[in-house]
Amino acid sequence: MTNHIPALDLAAVAPRPPAPQAELASGSRAAAVKLVDVAKSFHTRCVLRQVDLSIEPQEFVALVGRSGCGKSTLLRLIAGLIPPTSGRVYIDGQPLAGINPRARMMFQDARLLPWVRVADNVALAARDQPAVAVEQALQMVQLADRGQDWPLTLSGGQRQRVALARALIGRPPLLLLDEPLGALDALTRIEMQLLIDRLWQQHPCTAVLVTHDIEEAVLLANRILIVEDGTISKEFAVDLPRPRARLQPAFQQLVAHVLTHVLRTSVTASETPGPPMDRDIARGSR
Ligand SMILES: Nc1ncnc2c1ncn2[C@@H]1O[C@H](COP(=O)(O)OP(=O)(O)OP(=O)(O)O)[C@@H](O)[C@H]1O
Ligand SMILES: [Mg+2]
């Protein structure tokens, strides 16, 4: 992972705009994200080009692609941590300039401050939230009894749950997840996936998840976007009811279909007809 920016709340380091009245009235706080013809180069290396993307409020999108294809760069553009070289990022219809105040980010490592107790680590993300919000956030991740502990006394999985509580406190409109479960053991990872799914269903926000785990993408996302050749080349809709069962044939069929595409196996598309939900953006059949 190439990100060297502290993982705390993006909103905590940027002025927090007042919530629009319409959102308060409707109770819908999830953010809309739009990228229009976005390109990003580092020096002479073009990493992303011609990225056009619309994410609806309360949509859960997964970004999948080979290592180095630009997934984290895309997430950082949406977070406002880096500016596009050309094109525009819009959040709720407004051009993004600087840090995205509506976004929270979670990374592969928990990035807790070791000299700050667990509850205070969570509180750091949203200083305007009352103490009860910290308690609720820790309850959501089943760590209500560990608030006064030091981060180093927690297991790796527990530390990631604290990072999740920190990301979720105050119900952010936009959650950006950069391989948040990548360092966890298989069982803890499955538990965390189910926890994220349950919490997202209880409090739907807009979510963008970067993952190398296709099963994780199918389990959590409404839509899977393939990043390759510097752009979003293909998308797969995930129209399975939640909670999703991994052993269901439709689930496994979609996993195989996405995996086949990502790995570019020698099996041709005609030999493995996928469900009708996939859309080849490059061919314009969206
Ligand atoms: N700040 C930077 N300066 C120079 N090059 C960068 C910078 N950030 C990213 N890159 C380059 O952009 C490309 C995409 O990086 P990125 O981290 O977005 O890939 P990724 O898809 O997230 O990969 P991974 O799955 O391994 O995390 C890489 O070639 C990387 O070296
Ligand atoms: Mg990355």
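The values are calculated or read from the model by the stated rules, or taken from the named source; none is laboratory data. This one's a predicted model, so the numbers in the text were calculated from it and none came from an experiment. In this analysis, Cβ positions are derived from the backbone assuming ideal geometry, glycine residues included, and neighbour counts consider all displayed protein chains.
Listed values, structure above:
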{"quantity": "Subset of segment 177-199 that is free of Cβ contacts under 8 Å to residues at least 40 places away in the same chain and among the acidic types (D, E) - its residue that is farthest from ligand 2 (Cβ to nearest atom)", "calculated": "E191"}
{"quantity": "Condition check for A14: at pLDDT below 95, within 24 Å of Q201 (Cβ to Cβ) and either touching a helix residue (DSSP H, G or I) at 6+ places or on another chain (Cβ under 6 Å) or away from ligand 2 (no atom under 16 Å from the Cβ) (or both)", "calculated": "no"}
{"quantity": "Pairs where the first residue, in segment 68-83, is among the charged types (D, E, K, R) and the second is within 8 Å of ligand 2 (Cβ to nearest atom), C-beta under 8 Å, 6+ apart", "calculated": "K71/D178; K71/V210; R76/N3"}
{"quantity": "Any hit, segment 224-241, residues being free of Cβ contacts under 8 Å to residues at least 24 places away in the same chain and under 24 Å from L184 (Cβ atoms)", "calculated": "yes"}
{"quantity": "Selection count, segment 92-108, where residues are in a strand (DSSP E or B) and either surrounded by 23 or more Cβ atoms within 10 Å (Cβ to Cβ) or at pLDDT below 95 (or both)", "calculated": "4"}
{"quantity": "Residues satisfying the stated conditions in segment 125-179, i.e. away from ligand 1 (no atom under 16 Å from the Cβ) and either of a type in the set (S, T, Y) or in contact with a His (Cβ under 9 Å, 6 or more places away or on another chain) (or both)", "calculated": "M140, T153, S155, L168, R171"}
{"quantity": "Output for segment 28-70, where each listed residue is under 24 Å from I214 (Cα atoms), away from ligand 2 (no atom under 16 Å from the Cβ) and part of a loop (DSSP other than H, G, I, E, B)", "calculated": "E56, P57, Q58, E59"}
{"quantity": "Checklist (1) within 26 Å of R159 (Cα to Cα); (2) surrounded by fewer than 16 Cβ atoms within 10 Å (Cβ to Cβ); (3) away from ligand 1 (no atom under 16 Å from the Cβ) applied to S67, failing item", "calculated": "(3)"}
{"quantity": "Test for V89: is it at pLDDT 95 or above and within 16 Å of ligand 2 (Cβ to nearest atom)", "calculated": "no"}
